[in-house]
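A.B. asks: Just passing along the structure, written as structure tokens.
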Amino acid sequence: DSALDAARDSLGNEDGTWNIDAVLGVFAARNSELPGIEAADELTASILDDQALADVLNRAKAGGPLDVIVDMISFTPADADTAIRACAGRSRQFIFCSTVDVYVHPHPLGALPYREDAPLGGLNDYARNKVRCEEILEAAHARGEIALTILRPAATYAEGAGILDSLRGRPTYLDRLRKGKPIVVHGDGQSLWCSCHADDVARGFVYACGNTASIGRAYHLTGEEFLTWNQHHQTVARAIGAPEPKLVHIPTDVLAGLLPGDTLDDAAHWTRTNFQFNNVFDNSAARRDLGFRYSVRWEEGAARLANWLDAHNGVADSDLDHFDDNLIAAWEAGIAALANTWTRPALIRFKAAQPRRSARKKG
């Protein structure tokens with residue numbers, strides 16, 4: 001952990017992004033804190049250039065098989081095929097960064113939490129492509145070409161990122177909370193969500209490296225506070241000293257209809273394909289085999305995100321951006337119109353249709 005902390009402290013780019021050279025330098029300089037690692041050399045090649053990548057890996061392998069290859073950038077079947085062509089037989093372990101989005105939502109058996117053997121499916125291209133990547137890499141593992149470990153993080157955040165909401169983390173979100181403006185929440189806000197800071201996820205990756213018990217297995221690396229989306233927003237408000245948030249609940253299907261689109265960047269896309277379902281995962285295998293632990297609670301993490309965003313001009317003025325207000329106004333106007341054109345007449349017709357009871361004389 002001390003080496004991880006040192007690396008994080010040394011990232012140092014003014015815009016808050018990670019300096020990979022600094023990370024490599026820290027780990028090389030502090031190799032005594034990482035048993036078995038004597039030096040770190042940087043070799044670079046494009047994953048899109050098969051020959052250049054193979055040449056680099058052959059150079060790296062000159063002193064013997066690589067200890068581990070960690071694949072963070074395979075997002076499509078073509079990426080996975082390229083990784084196998086380049087990496088087959090070149091390392092003692094191949095770690096693939098997948099995602100918990102590979103599962104079928106909602107769980108077909110209604111069994112929560114999700115465990116690593118839950119049915120795979122996915123409701124968007126990102127998830128379906130990750131499923132296919134896993135299948136391709138598992139086939140290569142079965143053929144003896146790679147020794148595969150699959151790691152499945154959930155929502156992972158760190159300083160430098162925004163804060164998720166039902167509209168995909170708009171930059172006005174924190175300003176709206178601070179000014180007491182209403183926040184859009186999908187559905188009734190009761191679906192369960194979890195977030196995990198990159199510090200905790202990274203620990204799982206580090207301790208998977210060279211861990212023979214993890215080969216041939218998949219692991220969750222997720223948050224362990226399963227908050228409703230209502231609680232998610234309430235926790236953020238508390239973390240930044242904002243008033244209790246005013247939550248406006250809009251059905252997920254209505255949000256998807258008001259904000260149509262089917263790309264990962266569309267405001268309601270993730271709400272429709274992920275956020276509306278319960279995201280609850282079992283980390284017990286990672287705790288047992290990888291020493292995973294959940295140490296950054298969401299309230300602390302949200303405060304850290306907000307502090308970073310404030311320091312880097314990452315919070316937009318909601319008085320200059322009326323997207324949320326216009327969406328809420330459209331929803332409220334639609335509900336009012338529905339009440340006038342259907343609800344009230346329906347109630348009147350219902351009362352008129354009720355049979356009259358005749359009075360009976362006593363005696």
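The values are calculated or read from the model by the stated rules, or taken from the named source; none is laboratory data. Worth saying up front: this structure is predicted, and the values here are computed from it rather than measured. Positions of Cβ are backbone-derived with ideal geometry, glycine not excepted, and every protein chain shown enters the neighbour counts.
A.B. asks: Taking the stated definitions as given, is Tyr103 over 21 Å from Ala242 (Cα atoms), at pLDDT 95 or above, crowded, with 16+ Cβ neighbours inside 10 Å and of a type in the set (Phe, Trp, Tyr)? Explain how you work it out, then say what you get.
C.D. replies: Details: over 21 Å from Ala242 (Cα atoms): yes; at pLDDT 95 or above: yes; crowded, with 16+ Cβ neighbours inside 10 Å: yes; of a type in the set (Phe, Trp, Tyr): yes.
Answer is yes for this residue.
A.B. asks: Right, something else. Find the residue count for region 227-282, including only residues that are within 30 Å of Ala111 (Cβ to Cβ) and part of a strand (DSSP E or B).
C.D. replies: The qualifying residues number 6.
A.B. asks: Looking at (1) modelled with pLDDT of 90 or more; (2) farther than 21 Å from Val201 by Cα, which is the only condition Leu264 fails?
C.D. replies: (1)
A.B. asks: Looking for something part of a loop (DSSP other than H, G, I, E, B), of a type in the set (Asp, Glu), more than 30 Å from Ile69 (Cα to Cα) and at pLDDT 95 or above - is there at least one such residue anywhere in region 172-187?
C.D. replies: No, that holds for no residue.
A.B. asks: Quick check on my filter: what residues within region 63-83 are surrounded by 15 or more Cβ atoms within 10 Å (Cβ to Cβ) and in contact with a strand residue (DSSP E or B) (Cβ under 9 Å, 6 or more places away or on another chain)?
C.D. replies: Once the filter is applied, which keeps residues that are surrounded by 15 or more Cβ atoms within 10 Å (Cβ to Cβ) and in contact with a strand residue (DSSP E or B) (Cβ under 9 Å, 6 or more places away or on another chain), region 63-83 yields Leu66, Val68, Ile69, Val70, Asp71, Ser74, Asp79, Ala80, Ala83.
A.B. asks: Given the options Leu247, Leu227, name the one that is at pLDDT 95 or above, under 27 Å from Asp317 (Cα atoms), touching a Phe, Trp or Tyr at 6+ places or on another chain (Cβ under 9 Å) and surrounded by fewer than 20 Cβ atoms within 10 Å (Cβ to Cβ).
C.D. replies: Leu247
A.B. asks: Checking Thr149 against (1) over 23 Å from Ser295 (Cβ atoms); (2) touching a residue at least 60 places away in the same chain (Cβ under 8 Å); (3) of a type in the set (Val, Ile, Thr), only one condition comes out false. Which one?
C.D. replies: Every listed condition holds for Thr149 apart from (1).
A.B. asks: Regarding Ala285, is this residue farther than 17 Å from Leu112 by Cα, of a type in the set (A, V, I, L, M) and out of contact with any Ser or Thr (no Cβ under 7 Å at 6 or more places or on another chain)?
C.D. replies: No; evaluated as a whole, the condition is false for this residue.
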